[in-house]
Structures are given as C-alpha cells and as structure tokens.
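What follows is one structure encoded as structure tokens, with my remarks underneath.
The values are calculated or read from the model by the stated rules, or taken from the named source; none is laboratory data. As the structure is a prediction and not an experimental result, all values here were calculated from the model. When we count neighbours, we look across all protein chains shown, and the Cβ atoms used for this are built from the backbone with ideal geometry, even at glycine. Ligands, DNA and RNA are stripped out before the accessible areas are found, and what is left, the full protein with its side chains, is counted by its heavy atoms. Shrake-Rupley method; radii C 1.70, N 1.55, O 1.52, S 1.80 Å.
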2 protein chains.
Amino acid sequence: MQIAIDEARYGMKHNHGGPFGAIVVKDGNIISRTHNNVLRTNDPTAHAEILAIREASAILGKFDLSDCEIYTSSEPCPMCLAAIYWARIKTVYYGSDKDDVAAIGFDDSLFYRHIQGETHDMTLKLINTEREECLKLLREWSEKSDKQMY
Amino acid sequence: MQIAIDEARYGMKHNHGGPFGAIVVKDGNIISRTHNNVLRTNDPTAHAEILAIREASAILGKFDLSDCEIYTSSEPCPMCLAAIYWARIKTVYYGSDKDDVAAIGFDDSLFYRHIQGETHDMTLKLINTEREECLKLLREWSEKSDKQMY
C-alpha cells in the first residue's frame, strides 16, 4: 500500500492527474506501479488502476490477471472496478474509501445515481434502425465463440 | 451506427476480441473508430468505447470530450459507461442493448450484482494501516486542486 501511496504522491506533485496510485502484485512481486495520468496524457481513462492493469497485462502477456491482486490508494471508481472485474482480479486492497474520495470532489456516486436514472446529464439512446443487424452480429459471435467474457 | 457495426464485424472477423465497435463523433465528423481489441492486445481494458475515447482524446488533445457523442454497436458495459462519464460525453447511441449482449455471454449484470453485494467472487478490503496517510494525501489534493473530477 505504501508504494501505491508513493505513486499517488508522485503523480500529484508532478501534476499528472488526481492523487491516486495503484500497483498490481503477483506472488508477492510488483508487476506494475502507476498513478493517475489523466492530465499528463489527456486521456480520461488514464486512472491509476486502468494503467496498472494495462501495464501488468502487457508484461505478463495475457488479459486474464486472475493470479494477481491490486493495491490502490483509494477505493476504485466504477470504471476501474469494472476493469478489475474484466481482468478477473479477485482481490482489491484500498487505502481510503469512496466517501473519503467524494469528500474532495471525486464523487462517483453521481455515476451510480445516473445508472439508476436519478440524474439525467447523460443520455443513452437505442438506435432501432440498425438493431436487426446488431443482433445478427451478436448471433454470429455466439455461434463462433467459446463464450469467454472480455 | 453502420460504421460502428462495420468495426465490430472487422474485429470479430480478425479475432481481435468481442463483436463490438464504437466511434466518437464531433460536429458530425468521425474523430475515432475502433473495435474491441482485448484478444489482439492482451489488454482487458481494450473495449471499443475505451479505445475510441482514448484515440479521440489523443487527436483532440484534451480529456474533456463534452462536445462529442459516441456511437457503439452495443450498450456500454459499466467500465465503458463510466469512461464515457469521465470523458464528459453527454450522448451515447447504441445498436443493441444489455440484454442482447448478455444473451451471448457478456453478462455485465454480474458486475452490478457484485456491487450490490449479491455475488462474492471479488473481495474489496480497506487496509487500515495506511488510512491516515491516504487521508492526508487526499486533503493535500483538496487544498491544491481546482477540484475538477477526472
């Protein structure tokens, strides 16, 4: 956890992004260590956990990180939590929680409220005109694939 | 939407990943067009929407894509939806919905059920030993920042 905190502090000091750091660990060894880089890279997806997962996957040469754990200085936002889910990481250690992070302005409860239809600052629209073609595509996949999720 | 579908089909044909494509559009112009690349790149975060957002941000040189819209062949998973949220994209058009995607095995309701505590295949643990240092870090940020969320 201390290393994740050090990453967060480094990122904050150099104005790379928010004060968040993360490391991916396998068998007690650090595979990747990163921090939020949204500002530095102009990439809204460059949260610490996303970058740590991407780097660990690149190093290990696989997208399935089920033999890894992740340590993050703050409880993951929904994007990062879902990324951890897709990476099949089973254990997440964090140093401060959602409420702590919301208290300094990173309030991801807004996102969850949005999903539940309580806020309407984002609009999701099903386009019906190509629906049949989209369904055909999914059926083709279904017939072809081993049905892993990724 | 047709272009997003074409991307999805291309990716499926070449075994780059799941049958999903996305484009980011600004003022009627396509900024980026991508498809799921999880298999090709061994990156569990390489969903179509994430890649489209990353590419659009790189091209436009900013992480705030509030002047853009996104078209995606299927309703975004939680990771991608949250990425869209962080990118401040306000309108999402999709060609098939969550239930269609779940029917071929990409069941992200598992993730939502996990968040709600109904499944326990992922463990989140608050590490208390460094909690005070984490909180100090967040307070420092709070004093320094203009409190944008990213």
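Here B:Ala58 meets each of (1) touching a strand residue (DSSP E or B) at 6+ places or on another chain (Cβ under 9 Å); (2) open to solvent by less than 40 Å² (accessible area, probe 1.4 Å); (3) not charged (D, E, K, R) with one exception, condition (2). Looking at (1) in a loop (DSSP other than H, G, I, E, B); (2) small (Gly, Ala, Ser); (3) buried (at least 24 other Cβ atoms within 10 Å of the Cβ), which is the only condition B:Ala4 fails? For B:Ala4, the failing item is (1).
For every residue, the table says whether it meets (1) facing another protein chain (nearest Cβ under 7 Å); (2) in a strand (DSSP E or B); (3) among the small types (Gly, Ala, Ser).
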{"position": "B:Asp43", "(1), (2), (3)": "yes, no, no"}
{"position": "B:Leu51", "(1), (2), (3)": "no, no, no"}
{"position": "B:Arg88", "(1), (2), (3)": "no, no, no"}
{"position": "B:Phe106", "(1), (2), (3)": "yes, no, no"}
{"position": "B:Arg113", "(1), (2), (3)": "no, no, no"}
{"position": "B:Gly117", "(1), (2), (3)": "no, no, yes"}
{"position": "B:Leu124", "(1), (2), (3)": "yes, yes, no"}
{"position": "B:Leu137", "(1), (2), (3)": "yes, no, no"}
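The requirement of being touching a Ser or Thr at 6+ places or on another chain (Cβ under 8 Å), open to solvent by 10 Å² or more (accessible area, probe 1.4 Å), assigned to a helix (DSSP H, G or I) and hydrophobic (A, V, I, L, M, F, W, C) is satisfied by A:Ala102. Taking the criterion of being among the aliphatic types (A, V, I, L, M) and open to solvent by less than 30 Å² (accessible area, probe 1.4 Å), the only residue of the range A:113-123 that qualifies is A:Met122. Within the range B:8-26, can one find any residue that is at the interface with another protein chain (Cβ under 10 Å from one of its Cβ atoms), part of a helix (DSSP H, G or I) and open to solvent by 30 Å² or more (accessible area, probe 1.4 Å)? Yes, the range B:8-26 has at least one match. Checking B:Leu110, B:Leu137, B:Leu126 one by one, the residue that is open to solvent by less than 20 Å² (accessible area, probe 1.4 Å) and without any contact (Cβ under 8 Å) to a residue 40 or more places away in the chain is B:Leu137 and no other.
If you go through the range A:30-41 and pick out every residue that is within 11 Å of chain B (Cβ to nearest Cβ) and open to solvent by less than 10 Å² (accessible area, probe 1.4 Å), you end up with 2.
The test for being surrounded by fewer than 20 Cβ atoms within 10 Å (Cβ to Cβ), under 20 Å from B:Cys80 (Cα atoms) and modelled with pLDDT of 95 or more does not hold for A:Thr45.
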